[in-house]
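Undergrad: I am attaching a structure below and will ask some questions about it afterwards.
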Amino acid sequence: MPEELDERKRKILHAIIRNYLETGEPVGSRTISKYTDLNLSSATIRNEMSDLEEMGFIIQPHTSAGRIPTDRAYRMYVDQMMEEKDREIQELKGMLLQTEDKMDKVLKNVAHLLATNTNYATVVSAPQIRGNRVKFIQLSRVDENQLLAVIVVEGNVIRNEMIHVDESLSDETMLKLNILLNTNLNGLALEQINLATITALKEQAGIHSDIIGNVLDAVAQAIRSEEELEIYTSGSNNILKYPELADQEKAGELIHTFEEKKALAKLATDKLSDEQSTGIQVYIGEEAPIQAMKDCSVVTATYELGDGMRGSIAVVGPKRMDYDKVVNSLRTMMKELERVYKKE
């Protein structure tokens, strides 16, 4: 940005360029007063626009008409935009690298960054485990009356569960229980651990059948269900910026959908359960997968983190959304998430 442009002039010029790109019509001071957050009068904006005109950033094509950007303004705008995009990508890379062991924080930041970058609403789901198979179970003695059960499922998701026992178990008993659990459960998905499997395990465990029951409960908890799918949202109030979505009833229904999250969790689950649902997909109007979004466009993407872990990202906005920007933003997010987390 040229040094002679202070913050006020920069914001006004940016608003002129954005408005002209959207409408193709010369831009007046009254229009700009609605676009900026400076709370300036039309007279003050006219004075600033006169300065911008003298600097060669805007011109007045007709007497008493608004202004349009010059080539110099476009060049400045494009250069600044490219710098901001590069900075955003570098910030995202840094943020992901610094917090790669904190998935919750990363995904919240991804949702916020996307909402800020696109000016639409965003939805990000935590990764789910495809296959949901048990990889390993380890029972360890904590003290005479407590055991620690460590359950590892696909995606290296680990759950620890404390199990109460009435008496201390010998090393031999602990070894037998570990062999029993791993021999019978390793490689099984939750739906494969049926009543027959459970009954056989408890019979073989004999007087320790209650321990087996507690471990199986922990296994079921380790393999997350649809209802437990974590959903992160950001920018739902951006919807109010678009007149076609700002109708009180439509906006209320949309914002409620984002706050309540149940429908969003189902959307994410449906996307993740569809093996063909990869890459980026666009739903327009009636194609939208959620009733409350029938007046919107929804762009979704599926990211892969390896070991069967998949998550989804969605951007929700008006039908006239900037599809190119949204798709590019989603591709950047997908690549960075996959690059940092995917196990080679």
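Undergrad: Arranged by the count of other C-beta atoms within 10 angstrom, fewest first, what order do PHE258, PHE57, PHE136 take? Walk me through the numbers on the way to the answer.
TA: Values: PHE258 21, PHE57 26, PHE136 15.
In order of increasing Cβ crowding within 10 Å: PHE136, PHE258, PHE57.
Undergrad: Tell me, what is the percent relative contact order of segment 7-75, built from C-alpha pairs under 8 Å that lie six or more residues apart?
TA: Relative CO of segment 7-75 lands at 36 percent.
Undergrad: Under the rule of at least 5 residues apart or a separate chain, name every residue whose amide H is placed under 5 Å from the amide H of SER234.
TA: HN-HN under 5 Å from SER234: THR122.
Undergrad: Another one. Please list, ordered by chain and number, the residues whose modelled amide H lies under 5 Å from the amide H of SER297; skip anything fewer than 5 residues away on the same chain.
TA: GLY285, GLY317, LYS319
Undergrad: Among residues other than ASP166 whose Cβ falls under 10 Å from its Cβ, what is the net charge (Lys/Arg +1, Asp/Glu -1)? The partial results should precede the final answer.
TA: Numbers: positive: none; negative: GLU144, GLU167, ASP210.
The answer is -3.
Undergrad: If you stretched the chain out fully between VAL152 and GLN291, how much longer would it get, using 0.36 nm times the residue separation minus the C-alpha to C-alpha distance? Walk me through the numbers on the way to the answer.
TA: Values: separation 139, 0.36 × 139 = 50.04 nm, distance 3.77 nm.
Taking 0.36 nm per residue and subtracting the Cα distance, the gain is 46.3 nm.
Undergrad: Let me ask something else. Which pairs, out of LYS34/LYS325; LYS34/LYS108; LYS9/LYS34; LYS105/LYS325; LYS9/LYS108, put more than 26 Å between their alpha-carbon atoms?
TA: On the way: LYS34/LYS325 23 Å; LYS34/LYS108 30 Å; LYS9/LYS34 15 Å; LYS105/LYS325 24 Å; LYS9/LYS108 33 Å.
Checking Cα-Cα distances, LYS34/LYS108; LYS9/LYS108 exceed 26 Å.
Undergrad: Let me ask something else. Quick check on the exposure proxy: order ARG46, ARG339, ARG310 from fewest to most C-beta atoms within 10 angstrom.
TA: Ascending Cβ contact count within 10 Å gives the list ARG339, ARG46, ARG310.
Undergrad: In what order do THR70, THR183, THR257, THR302 fall by count of nearby beta-carbon atoms within 10 Å, going from fewest to most? It would help to have the intermediate numbers written out before the result.
TA: On the way: THR70 16, THR183 10, THR257 22, THR302 19.
By the 10 Å Cβ count, ascending: THR183, THR70, THR302, THR257.
Undergrad: Another one. Hey, rough spin-label estimate for ALA220 and GLU25, points 7 angstrom out along Cα→Cβ, what's it come to in nanometres?
TA: So the two model labels end up 6.2 nm from each other.
Undergrad: Which three extents, in angstrom, do the Cα atoms of segment 7-75 have along their principal axes, listed largest first?
TA: Taking the Cα atoms of segment 7-75, the three principal extents are 27, 22, 22 Å.
None of the figures in this text is laboratory data; all of them are computed from the coordinates on show. In this text the structure is predicted, and so the values were computed from the model without any measurement. We place every Cβ from the backbone using ideal geometry, glycine too, and count neighbours over all the protein chains shown.
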